[in-house]
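The values are calculated or read from the model by the stated rules, or taken from the named source; none is laboratory data. These numbers come from a predicted model, not from an experiment. Reconstructed Cβ throughout: ideal geometry from the backbone, glycine too, with neighbour counts over all protein chains shown. The accessibility values were calculated without ligands, DNA or RNA, using every heavy atom of the protein model including side chains. Shrake-Rupley method; radii C 1.70, N 1.55, O 1.52, S 1.80 Å.
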Amino acid sequence: MTTTELTVPQAGAKGTPDGRGSGRRRVLGAGKQLHAGPVTYVVLTVFALVSLAPLVWTAVAASRNNERLAQTPPPLWFGGNLFKNLQAAWDQAGLGTAMVNSTIVAGTITVGTVVFSTLAGFAFAKLRFRFSGLLLLLTIGTMMIPPQLAVVPLYLWMSDLGWSNQLQTVILPTLVSAFGTFFMRQYLLQALPTELIEAARVDGASSLRVVWHVVFPAARPAMAVLGLLTFVMAWNDFLWPIIALNQQNPTVQVALNSLGTGYVPDQAVIMAGALLGTLPLLIAFLLFGKQIVGGIMQGAIKG
Amino acid sequence: MTSSKQALAHPATSADAAPGSQPGAARGAQGRGTPPPGPDSWRSRLYRWDMKASPYAFIAPFFIVFGAFGLVPLLYTAWYSLHNVQLSGLDHQTWAGLDNYKNLLSSEFFWNALENTFTIGVISTVPQLVMAIGIAHLLNYRLRGSTVWRVVMLTPYATSVAAATLVFTLLYSWDGGMINWLLHFVGVDPINWRESDWGGQFAVSSIVIWRWTGYNALIYLAAMQAIPTDLYESAALDGAGRWQQFRHVTVPMLRPTILFTVVVSTIGATQLFGEPLLFGGVSGSKGGSAHQYQTLGLYMYDQGWGIGNLGKASAIAWTMFLILLIVAAINLLITRRLRKSQ
């Protein structure tokens, strides 16, 4: 949080509208950046292997069978059972429904969080209104509250409403984000020139027109990053879905939990399930890894 | 919270002060003439109303949703924690006073969970952050394919708690597991990770470390890149080697970020839930057959949805919150002291 102080003067000095990009930072850091020696590459390779090996090995284990997995030494290369196990995991855990459910849940949460965070972030960054400072502080303060504190009443209310096991139970409480609001505010402070809003105002544009024609276009890069981060978080959410949903209507994480807690676990099938449950995010990561990395580094400086 | 207040006040004032004087004037001018003719026409009234109300409309979704699903439940949890609420008979809620809390404080499982949360928190957070600083330092060198390295380090972050834990559970399995097999090369007898006390805690921590080290490394990297170059140049002029530069320039400049990650990781560790639940398999909600790695988060789940005592679960939730507040207060004190010493 405190790091905000470090970046603001710099950005002010440069004053470019989207001066938050990595290009500027690279120039700043260029002077001190020493070339990496061979030791650096070796150490980084070790860490990279530790990061990736469990994922690769998941695929290896998913392609074997239960008996082989129980033997020593463990299999280090692929076997021939991959598609059989994927099929079994898909059927046993109801991963088809789970994938659809997770897509709906994470998609809705992402759209809601991005839109609401942009609106609130814009208000906090550029509009003047009474108590804005206090309200922003309250917003950030809510990040301190652990989700466990809401779970019991939410569970009771959702049961009363007859919403148990329905997706809105999982979607509604997560539809907004304090982090997202703060993230968008910090971005829009820099990226949205106040003159642009004033000009639209002078032309008699309503607030909604300003939001649609000025704020959303200016916020688009940050909206994309926040969207990716939110999707990863929503897809992986565990605590509340596992309480709110049952096996008949699970998200992917709830389905994986059911695979893992069976009394006669078939490890190869479990690994196939873990692989399937992670695959959508891993693909997204291959496509957008650079943006997610950039977003986390940005959020780190600001958040 | 004051630390964030001070941090926030800075950009807010700088942003408001610079353009602030102009828009005020512009708004005054436009209020008199620019929008549609006639000061009292309905359009200009609508326009002024829009100007006043829209900021509140824009922030309303956050406060409405958070209020309904965060704040009100928080208060109700306090209310339920003073009642006897059973999952099996939701309509019979009777006043219990502080019984749930008394019950909690006299339960050995509560203290066990508190201790486990603390131990697992320490052995997962400390190595994680130390390694993250090291990785960030290496990533901060000029590297071939720097983006690829960053993406690879962050990959575990994309893995869910459920998937990661299931994989690690198999890696740690007693019979034929990868880790015991690797250990036998260095002459270590197979360890029953799931059933042993420290073994289970170590295994659960390693899952946390695996998932979050890269994420923290990126946060440190971002902060490292914001350190002014001249600090390193003058340190080099003073004859400081790479290690000394790291110790005397990088680490002190990272201090606010380190504190930030310590707080975030502490909050995460206090809420640890999915990893021990899934690692335990059939006895998951107990945190292993002998509660070896039952954390507070897990204890709450077990009391609420395993045993069905929602009143006691509420009391556990509030106790966790109080512990977090104490942690936040300690953090505040440390931040203050650091500020003064600087």
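Pairs of lysines in chain A whose Cα atoms sit within less than 24 Å of one another amount to 7, provided the residues are eight or more positions apart or on different chains.
The chymotrypsin sites (Phe, Trp or Tyr not before Pro) found in segment A:223-303 that occupy coil by DSSP, while having at most 12 further C-beta atoms within 10 Å, are A:Y263.
Working from label points 7 Å from Cα in the Cα-to-Cβ sense, the A:V39 to B:L105 distance is 5.4 nm.
Build a GNM of chain B with springs between Cα atoms under 10 Å apart, and of B:I135, B:I59, B:I267 the one that fluctuates most is B:I59.
Accessible surface of A:E195, taken over heavy atoms with a 1.4 Å probe and every protein chain present, rounds to 120 Å².
If you plug the beta carbon distance of A:N246 and B:A53 into 1/(1 + (r/R0)^6) with R0 = 41 Å, you get a FRET efficiency near 0.45.
Here the accessible area of chain B is 65 percent carbon and sulfur, with a 1.4 angstrom probe and all protein chains present. Evaluate E = 1/(1 + (r/R0)^6) for B:L46 and A:Q166, where r is the Cβ-Cβ distance and R0 equals 35 Å; express this FRET efficiency to the nearest 0.05. Efficiency for this residue pair is about 0.30. Evaluating 6.51 cos²θ - 1.76 cosθ + 1.60 at θ = phi - 60° for every residue in segment A:56-63, the Karplus couplings come out as 4, 5, 4, 5, 4, 5, 5, 9 Hz, glycine and proline recorded as x. Label separation (A:Q71 vs A:K84): 1.4 nm, computed from points 7 Å beyond Cα along the C-beta direction. Computed over chain B with a Gaussian network model linking Cα atoms closer than 10 Å, the most mobile of B:L324, B:L237, B:L170 is B:L237. Think of it as helices only: each DSSP H run of n ≥ 4 in the protein assembly as shown is worth -39500 (n - 2.57), and spread over all residues that comes to -23500 deg cm²/dmol at 222 nm.
Taking a ≥ b ≥ c as the square roots of the eigenvalues of the Cα gyration tensor, segment B:100-341 is classed as oblate, since a/c reaches at least 1.5 and a/b does not exceed b/c. Counts of other chain beta carbons within 10 angstrom of each beta carbon in peptide A:124-134 average 5. Stretched out straight at 0.36 nm per residue, the stretch from A:T261 to A:R220 would grow longer than its current Cα-Cα span by 10.5 nm. Relative contact order of segment B:83-163: 12 percent, from C-alpha pairs under 8 Å at least 6 residues apart in sequence. Between B:T229, B:T77, B:T94, the Gaussian network model of chain B with springs among Cα atoms under 10 angstrom shows the greatest mean-square fluctuation at B:T229. Computed from label points 7 Å out along Cα-Cβ, the spacing between A:L282 and A:L138 is 4.5 nm.
Measuring r between the beta carbons of A:D91 and B:R242 and using R0 = 56 Å, the FRET efficiency lands at 0.50. Here the extension length gained between B:V130 and B:W95 equals 7.8 nm, from 0.36 nm per residue of separation less the Cα-Cα distance. Once a ≥ b ≥ c are taken as the square roots of the eigenvalues of the Cα gyration tensor of chain A, is the result rounded (a/c under 1.5), prolate (a/b larger than b/c) or oblate (a/b not larger than b/c)? Oblate is the answer for chain A, as a/c is 1.5 or above yet b/c matches or exceeds a/b.
Each peptide in A:197-209, B:122-134, A:109-121 was scored by the mean count of other Cβ atoms within 10 Å over its residues; highest first, the order is A:109-121, B:122-134, A:197-209. Inter-chain neighbour count for A:60-68: the average number of beta-carbon atoms from partner chains within 10 Å of each residue's beta-carbon is 1.
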